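Q: Would you mind keeping the following structure in view while I ask a few things?
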């Protein structure tokens, strides 16, 4: 079995940057991901704040990053990591597919986050068939129809603007007020086919075999209940760390995020964290890339220390 210097788990911006820096540090690198490279940016319509790129589609940026890794010779495999074992000077990574096992001197955890769910009645019935978490993936099927977006942060507002350009009507339901950047909030509110209901709790998704609406209640004193008919719903209520495979390592906090220092080191020598999965205040593409570069630099120094012993 080949012993890699570095295995990067996750192929989002953090993971791909880590792989690039790892290869450039003359490490043998394997990058693993169960999905297509790109992470959350694949599901983003337009990105306007990644330095040097201007306005670019998320999928296009993901492809460009992945092509960069391949130009440098990074090995990549579609694998679902189920566990990581610390064996001191090497780590064992077990995958779901045929229980494949890899070994590496160092590991960077960069699996990012996944969308949170509301957990209200009807959500499970219509998940993936009426309820979606990706406007760029599923928005086109609701062209000329009535759609509800749940959430008021940056992702919710930006994807609402994208959807409003194609749907008949768009209703935004949010627990608080719109909390995205003021500029995009103003743009959304100015659109003729958009209605915003702030300070609401979603009660249930309704429909007999097919989604037909959303019920919600005001959190204000009047506690008014409303029901909006719709053909589709998009949820943007935050993200949770994708850390199931790492929980037994004991490197996560109470929220499931990886605890790292300023060199992206966890409490286990040779295991590092990078990107949105880390416990941090700002989760952006540029900060993910920064984490990946730092983690790879730390991994390189760690591997060098092993080889010199």
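Q: Against the definition (under 28 Å from residue 160 (Cβ atoms), in contact with a strand residue (DSSP E or B) (Cβ under 7 Å, 6 or more places away or on another chain) and not in a loop (DSSP other than H, G, I, E, B)), how does residue 114 come out, yes or no? Break it down stepwise before answering.
A: Details: under 28 Å from residue 160 (Cβ atoms): yes; in contact with a strand residue (DSSP E or B) (Cβ under 7 Å, 6 or more places away or on another chain): yes; not in a loop (DSSP other than H, G, I, E, B): yes.
Yes: the conditions hold for residue 114.
Q: Do you know which of the residues in region 195-233 that are in contact (Cβ under 8 Å) with a residue 24 or more places away in the chain and outside any strand (DSSP E or B) is surrounded by the fewest Cβ atoms within 10 Å (Cβ to Cβ)?
A: Per the stated criteria, the residue is 210.
Q: Considering only residues that are crowded, with 19+ Cβ neighbours inside 10 Å and assigned to a loop (DSSP other than H, G, I, E, B), which ones fall in region 243-260? Outline the logic, then answer.
A: First, pick out the residues of region 243-260 that are crowded, with 19+ Cβ neighbours inside 10 Å: 243, 245-246, 249, 251-252, 257-258, 260.
Those that are crowded, with 19+ Cβ neighbours inside 10 Å and assigned to a loop (DSSP other than H, G, I, E, B): 243, 251, 257, 260.
Q: Follow-up question, since we're still on this one. Return yes when residue 134 is within 22 Å of the chain's Cα centre (by Cα) and not assigned by TED's automatic domain parsing to the domain that holds residue 8 and no when it is not.
A: In short, yes.
Q: Return the pairs, sorted by first residue and then second, in which the second residue is in a helix (DSSP H, G or I), the first residue lies in region 243-260 and is touching a residue at least 60 places away in the same chain (Cβ under 8 Å), the beta carbons are less than 7 Å apart, and the residues are 6+ apart or on different chains.
A: Going by the 7 Å Cβ cut-off, the qualifying pairs are 243/277; 258/277.
Q: Filter region 67-111 for residues that are part of a helix (DSSP H, G or I) and surrounded by 20 or more Cβ atoms within 10 Å (Cβ to Cβ) and give the result. Steps first, answer last, please.
A: First pass over region 67-111, keeping only residues part of a helix (DSSP H, G or I): 67-71, 97-99.
If the condition is that a residue be part of a helix (DSSP H, G or I) and surrounded by 20 or more Cβ atoms within 10 Å (Cβ to Cβ), then 69 is the only one that fits.
Q: Of all residues in region 42-53, which are in a loop (DSSP other than H, G, I, E, B) and in contact with a strand residue (DSSP E or B) (Cβ under 9 Å, 6 or more places away or on another chain)?
A: Passing the criteria: 44, 45, 48, 50, 53.
The values are calculated or read from the model by the stated rules, or taken from the named source; none is laboratory data. If you're wondering where the values come from, they're calculated on a predicted model, not measured in any experiment. No Cβ is skipped: glycine too gets one built from the backbone with ideal geometry, and neighbour counts run over all protein chains shown.
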